[in-house]
Amino acid sequence: MRKPLPTPEMKPTLSVPEAGTYLGLSKSSSYDAAKRGEIPTIPFGRLLRVPTATLRQMLGIDPVPVTEPGTLGHDPRGE
C-alpha cells in the first residue's frame, strides 16, 4: 500500500522517482516523463526535484489557484 502524497508543508519537494510512484510510473519512466516536461521539476545542479504542491494540483488533490489579471506584476493596461 502506497503512502498518501504529503502536503507541501510536510515535504516541499519529492524526488522524480518518488513523484512517479504517485503517477504509477517506474523510475525510468518517471525520468523520461520529467525530461519531456510532463512532470514539472526544479533543477538543483544535476539534481531534479518535483514540487509537491504542483504534483498535488496535477492529480486534482488540491485546487489550482486562480489569479486575477495583473496580480503577477503585469498590468495589461501597460501602467
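Condition check for Arg2 on (1) at pLDDT below 95; (2) in a strand (DSSP E or B): one failure, at (2). Evaluation of Gly73 against the conditions (1) at pLDDT 95 or above; (2) among the small types (Gly, Ala, Ser); (3) exposed (fewer than 10 other Cβ atoms within 10 Å of the Cβ) shows that the sole unmet condition is (1).
Residues are listed down the side, and each one gets a yes or a no for (1) of a type outside the set (Ser, Thr, Tyr); (2) at pLDDT 95 or above; (3) not in a loop (DSSP other than H, G, I, E, B):
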{"residue": "Thr7", "(1), (2), (3)": "no, no, no"}
{"residue": "Ser28", "(1), (2), (3)": "no, yes, yes"}
{"residue": "Tyr31", "(1), (2), (3)": "no, yes, yes"}
{"residue": "Ile39", "(1), (2), (3)": "yes, yes, no"}
{"residue": "Val50", "(1), (2), (3)": "yes, yes, yes"}
{"residue": "Gly60", "(1), (2), (3)": "yes, no, no"}
{"residue": "Pro63", "(1), (2), (3)": "yes, no, no"}
{"residue": "Val66", "(1), (2), (3)": "yes, no, no"}
{"residue": "Pro69", "(1), (2), (3)": "yes, no, no"}
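Among residues of segment 10-25 that are without any contact (Cβ under 8 Å) to a residue 24 or more places away in the chain and in a loop (DSSP other than H, G, I, E, B), those with a beta-carbon under 7 Å from a residue that is surrounded by 14 or more Cβ atoms within 10 Å (Cβ to Cβ) and of a type outside the set (Lys, Arg) at least six positions away or on a different chain give the pairs Leu25/Ala33.
Of everything in segment 21-40 that is touching a helix residue (DSSP H, G or I) at 6+ places or on another chain (Cβ under 6 Å) and under 18 Å from Asp62 (Cα atoms), the residue that is surrounded by the fewest Cβ atoms within 10 Å (Cβ to Cβ) is Pro40.
The values are calculated or read from the model by the stated rules, or taken from the named source; none is laboratory data. All of these numbers come straight from a predicted model, not from anything done at the bench. Virtual Cβ from ideal backbone geometry, glycine too; neighbours counted across all protein chains shown.
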